[in-house]
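**Q** A single structure is presented below for examination.
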Amino acid sequence: MLYEFKSKAAGTVVMTGAVGDRMLAIIGRAPSAQGVFTPEQLGAAIEALQTAITAEKIAPKLAAPDADDDETSDKSGKSISLAQRALPLIELLTAARAADKPVTWGV
């Protein structure tokens, strides 16, 4: 499954199912094929992602899943941080918040 997070305020952010599931879990949402973040929910979603990024920087071994996971490393075996994964979504959420527009996926 792929997630396509969209907003009229910005472009589309595409994530694999596992990465999208992780982002939604961090934000406090159950993984689902469809959903929406209302403009009122965007601030809390951004804050949750930023808090998780900070936690990973402080204690990377505790915050990150198993390093052997395909979703946490690239083809060369380099680790891909949560910050790298979440930044496009944070930028989309921030743009949507500034424009007072929702962010949807699967709709």
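The values are calculated or read from the model by the stated rules, or taken from the named source; none is laboratory data. These numbers come from a predicted model, not from an experiment. Positions of Cβ are generated from backbone atoms using ideal geometry, with glycine treated the same way; all protein chains shown enter the neighbour counts.
**Q** For the range 82-104, which residues satisfy the criterion of being farther than 12 Å from Lys8 by Cβ, buried (at least 17 other Cβ atoms within 10 Å of the Cβ) and touching a Leu at 6+ places or on another chain (Cβ under 9 Å)?
**A** Leu82, Ala86, Leu89, Ile90, Leu93, Arg97
**Q** To continue, here is another question. Please work out which residue is modelled with the highest pLDDT, limiting yourself to the range 58-100 and to residues that are touching a helix residue (DSSP H, G or I) at 6+ places or on another chain (Cβ under 7 Å), hydrophobic (A, V, I, L, M, F, W, C) and farther than 30 Å from Glu40 by Cβ.
**A** That would be Ile80.
**Q** How about the range 1-47: which of its residues are basic (Lys, Arg) and either within 24 Å of Ile80 (Cβ to Cβ) or modelled with pLDDT under 95 (or both)? Give the derivation first.
**A** Residues of the range 1-47 that are basic (Lys, Arg), as a first pass: 6, 8, 22, 29.
Passing the criteria: Lys6, Arg22, Arg29.
**Q** I would also like to ask the following. What tally of residues in the range 18-49 results from selecting those that are part of a helix (DSSP H, G or I), of a type in the set (Gly, Ala, Ser), touching a helix residue (DSSP H, G or I) at 6+ places or on another chain (Cβ under 9 Å) and free of Cβ contacts under 8 Å to residues at least 24 places away in the same chain?
**A** Qualifying residue count for the region: 2.
**Q** If you don't mind, there's one more thing I want to ask. Consider the range 1-40. How many of its residues are surrounded by fewer than 18 Cβ atoms within 10 Å (Cβ to Cβ) and more than 14 Å from the chain's Cα centre (by Cα)? Before the answer, list the steps.
**A** Keep residues of the range 1-40 that are surrounded by fewer than 18 Cβ atoms within 10 Å (Cβ to Cβ), which gives 1-2, 4, 8, 11-12, 14, 16-18, 25, 28-36, 38-40.
With the extra rule that they be more than 14 Å from the chain's Cα centre (by Cα), the set shrinks to 1, 8, 11, 33-34, 38-40.
Going through the range 1-40 one residue at a time, the tally reaches 8.
**Q** Might you let me know whether the range 26-48 holds any residue that is among the hydroxyl-bearing types (Ser, Thr, Tyr) and under 22 Å from Ala99 (Cα atoms)? Even if it seems obvious, please write down each step before you answer.
**A** First, pick out the residues of the range 26-48 that are among the hydroxyl-bearing types (Ser, Thr, Tyr): 32, 38.
Adding the requirement that they be under 22 Å from Ala99 (Cα atoms) leaves 38.
Yes, the range 26-48 contains a residue that is among the hydroxyl-bearing types (Ser, Thr, Tyr) and under 22 Å from Ala99 (Cα atoms).
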